[in-house]
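Okay, structure first, notes after.
The values are calculated or read from the model by the stated rules, or taken from the named source; none is laboratory data. All values derive from a computational prediction rather than experimental measurement. Glycine gets a Cβ as well: all are built from the backbone with ideal geometry, and neighbour counts include every protein chain shown. Calculation scope for accessible area: heavy atoms of the full protein, side chains included, ligands and nucleic acids excluded. Shrake-Rupley method; radii C 1.70, N 1.55, O 1.52, S 1.80 Å.
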Amino acid sequence: MKRVLFVDDEPRVLEGLKRMLRPLREEWTMEFARGGRAALRHLSESHYHVLVTEMRMPDIDGIALLQEAIRISPQTVRIALSAGADLDLTLRSASLAHQYLVKPCDVHTMQATVEKALTLQSILDDPSLTGLIGRVKSLPSPPAIYFQLMDAVRCDAISAADLGLIIAQDLGMTAKVLQLVNSPLFAPNRVIGSPEQAVIYLGVDTVRALAISESVFSQFGRRNYPGFSPEELRDHSFKVATLARKIARERRLAPQFCADIFLGGLMHDIGKLLLGSNFPVEYQEVVRSFGDSEALRETERRLFGTTHSEVGAYLLWLWGVPASIAGIVAQHHVENSDSAGPTNPAAIVQLANRMVRGESAPGNEYLARIGLTNRAAG
């Protein structure tokens, strides 16, 4: 049974949590710690799969607790719980927490968030994967602007002006976003000259996802890769993300799921860059299988003991990407996607990936419903 530690300095809040979570006693072993010091004692004495902590506490606040939790129990999933107005704390904890919950939080939201994080953790907690990561000379670190962009993901009410200001801090990112927005892919009827105009034209979700994707891809530089280029991978990922979002909308998924699917599609192959840049000789053999998803995965497992899906998700997990997005990256090559259901985000990205690569050909009637032809899907 999974062990979950809840932390708050207010006794009444802890009692409220106990009452709210009572229906989950058969699924989780739950402990409740009053304050940061008590939480550190729990973490030092026992292993917990999940830590859910209030951010504002007087003795040891959430930031300090999360920092110590990383040192004491790095495998524990860290979830920050705070009021929506605590923007400063949210920004400061962006690199420390895997997930965020806004108070007040109902039991269903709490359960869904914890279960989703645990599912991803079970995928990433694999000896072959962690052994491979240990062989990587240096994992890329996210740029400073990345954490502001990830905070924008968690903010439903961000304006075009505010998102534009974040992007404008990075000249390289600004240039790339404007290049994409003004390309034939979006076919604007006039020249888009600023990040704010891009947000107004394309919408917050699209520009936010493009900027985050660019911040991730930019960390791999212009080094030589064995048989492929980051630009080719980025273009392919954009096609997959766009098609996956169309499929999600046709299947009437909620807007947040569509946004996650778009961002997950943009970053679904990021693990290839990490493997290709660190193991260029071995990855040349993998590149020869790029046209066949099954052969590609088999070659990666034979050479590395894991695949680019898990490697990419591991990197994004370390960077604090929400489990809903990292999970898409981890599972976009699920072996039995048909059983995952038509609304499963990872299965939708997998379908889009196969369609773009020409490995899957849905009927013309289905393609027409999502506004595509066979030629446009490939």
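So the values come out like this:
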| quantity | calculated |
| --- | --- |
| Surface per residue (accessible, 1.4 Å probe) for region 222-282, Å² | 41 |
| The chain - percent relative contact order, Cα under 8 Å, separation 6 or more | 13 |
| Flagged links, alpha-carbon separation over 29 Å, of Lys18/Lys116; Lys2/Lys246; Lys246/Lys272; Lys176/Lys272; Lys103/Lys176; Lys2/Lys103 | Lys2/Lys246; Lys103/Lys176 |
| Whole-percent carbon and sulfur share, accessible surface of region 1-78, 1.4 Å | 45 |
| Mean Cβ neighbour count within 10 Å, used as a protection proxy, ranking 322-334, 198-210 highest first | 322-334, 198-210 |
| Rounded to 10°, Cα long-axis angle of helix 36-45 versus longest principal axis of the chain | 80 |
| Prolate/oblate/rounded label for region 184-332 (Cα gyration tensor, a/c 1.5) | prolate |
| Angle in degrees between helix 293-304 and the longest Cα principal axis of the chain, rounded to the nearest 10 | 60 |
| Taking all pairs of distinct alpha-carbon atoms in region 198-268, Kirkwood radius in angstrom | 12.9 |
| Carbon plus sulfur fraction of accessible area for region 200-324, probe 1.4 Å, in percent | 48 |
| Accessible area, probe 1.4 Å, largest first, for residues Lys103, Lys176 | Lys103, Lys176 |
| Cα centroid separation, region 303-329 to region 209-268 (Å) | 14 |
| Summed residue charge, Cβ within 12 Å of Ala211's Cβ, Lys/Arg positive, Asp/Glu negative | -1 |
| Between 0 and 90°, nearest 10: helix 107-124 axis offset from the chain longest Cα axis | 60 |
| Sorted peptide list for 27-40, 254-267, criterion being average Cβ within 10 angstrom, highest first | 254-267, 27-40 |
